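Note sheet for the following structure.
The values are calculated or read from the model by the stated rules, or taken from the named source; none is laboratory data. Since we're looking at a predicted model, the values are computed, not measured. Counting neighbours? That spans all protein chains shown, and the Cβs are built from the backbone with ideal geometry, glycine included. Side chains included, ligands, DNA and RNA excluded: accessible areas come from the protein's heavy atoms. Shrake-Rupley method; radii C 1.70, N 1.55, O 1.52, S 1.80 Å.
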Amino acid sequence: MNKKGYTTESGGRQNGFAIEPEINPISEGESKKSLFLFIGILLPFLIGGFYYLRNLNIF
């Protein structure tokens, strides 16, 4: 039986290669850049939301 291109129900292999792409771990430098970028985007929203709620005279 020729199993070229054969794929099992659980994913298996296709044409001798794994279907899933290779997983490349994120380096520590990229992780720090992502964290700073996330904080840099989140901080203006938090500050803006605080001033918005403050101007509604709820507090």
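How far apart, in nanometres, would the label points at Tyr52 and Phe36 be if each is projected 7 angstrom from Cα along the Cα-to-Cβ direction?
Inter-label distance under the simple model: 2.8 nm.
So what J values fall out for region 44-51 if you push phi through Karplus, 6.51 cos²θ - 1.76 cosθ + 1.60 with θ = phi - 60°, rounded to Hz, Gly and Pro as x?
x, 5, 5, 5, x, x, 4, 5
At 1.4 Å probe size, with no ligands or nucleic acids counted, give the accessible surface of Leu42 in Å², nearest ten.
Here the residue's solvent-accessible area equals roughly 70 Å².
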